[in-house]
Amino acid sequence: MPELKRLHAGHAPAVLAFELANRAYFAASIPDRGDAYFDRFTDRFDALLAEQEDGVCAFHVLLDEDGSVLGRFNLVDIEDRTAELGYRVARHAAGRGVATATVRELCRLAAAEHGLRTLRAAVSEGNVASRKVLTKAGFVTDGPVDPAHIGGKPGTWYRRELALRPTGTTAPEG
């Protein structure tokens with residue numbers, strides 16, 4: 001069963017393999033990271049870990065049973081109990097409910113571990129799959145996004161208000 005884990009230095013080889021294997025797939029719906037990202041992957045990965053250590057972001061990987069990365073699920077620009085959600089799922093895992101289930105889990109963690117109250121996600125109009133994931137995970141539309149924020153494409157902000165629950169309690173996910 002896949003497991004959501006906080007990103008750490010040991011994940012670097014699996015994350016790079018995931019990004020390389022799915023590069024063309026991702027570029028069909030979101031801006032490509034570009035060759036420089038891969039040429040300087042180690043520096044960029046180390047910078048992510050530093051941002052995480054500073055509490056500005058919280059990066060996660062969804063690991064398959066064999067240790068390979070099925071997806072990346074991130075909380076970025078954490079400030080004032082709000083963060084932006086970003087995620088990407090491997091092509092071979094797409095369409096199986098993996099993204100929706102993991103976004104729901106990350107919403108729970110965002111409230112319980114980071115004290116967040118609101119998550120936002122920017123999605124281009126053409127990224128129908130991500131729009132469906134967010135809607136199924138309880139997000140609602142929240143106005144247009146500046147196209148510069150998502151690679152020059154028109155899009156929409158999605159928003160989800162998170163319910164803070166006392167530790168040790170459970171409630172149905174929205």
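Per DSSP H run of at least 4 residues, take -39500 (n - 2.57); add these up for the chain, divide by its residues and hand me the 222 nm value, nearest 500 deg cm²/dmol.
Per the formula, -10000 deg cm²/dmol.
Cα centroids of segment 1-23 and segment 84-123: how far apart, whole angstrom?
Result: 15 Å between the Cα centres.
Let me spell out the model: positive unit charges on the Cβ of Lys and Arg, negative unit charges on the Cβ of Asp and Glu, origin at the Cα centre of segment 3-161. What dipole size does that give, in debye rounded to 20?
720
Need the list of aspartates and glutamates near LYS153 for cross-linking: C-alpha distance under 15 angstrom, and skip anything on the same chain fewer than eight residues off.
Cross-link targets: ASP32, GLU125.
Among all the aspartates and glutamates, which ones have a C-alpha under 13 Å from LYS136's C-alpha, if same-chain residues fewer than 8 places away are not counted?
GLU105, GLU173
Using a 7 Å offset from the Cα along the Cα-to-Cβ direction at both ARG108 and LEU49, what is the distance between the two label points in nm, to one decimal?
Each label point lies 7 Å from its Cα, and together they span 2.8 nm.
Out of residues 5 or more away from ALA90 or on other chains, whose amide H comes under 5 Å of its own, with H placed 1.01 Å from N in the peptide plane?
GLY71
Mind checking the full-extension length gain between ARG6 and LYS132? Use 0.36 nm per residue of separation minus the Cα-Cα distance, one decimal, nm.
Taking ARG6 through LYS132 to full extension adds about 42.9 nm, to one decimal.
Apply the membrane-span-like helix rule to the chain: whole DSSP H runs, Cα extent along the own long axis of at least 15 Å, mean Kyte-Doolittle hydropathy at least -1.0. List the helices found.
Span-like helices in the chain: 41-53, 98-114.
May I ask you to list the GluC sites (Glu not before Pro) in segment 1-98 that are in a DSSP loop and have at most 11 other Cβ atoms within 10 Å of their Cβ?
Listed in order of number, the matching sites are GLU65.
Percent antiparallel among DSSP beta bridges with both residues in the chain, to the nearest 5?
90
Here, each number is a calculation from the coordinates, and none is a lab measurement. These figures come from a predicted structure and were not determined experimentally. A quick note on method: Cβ atoms are made from the backbone with ideal geometry, for glycine too, and the neighbour counts reach across all protein chains shown.
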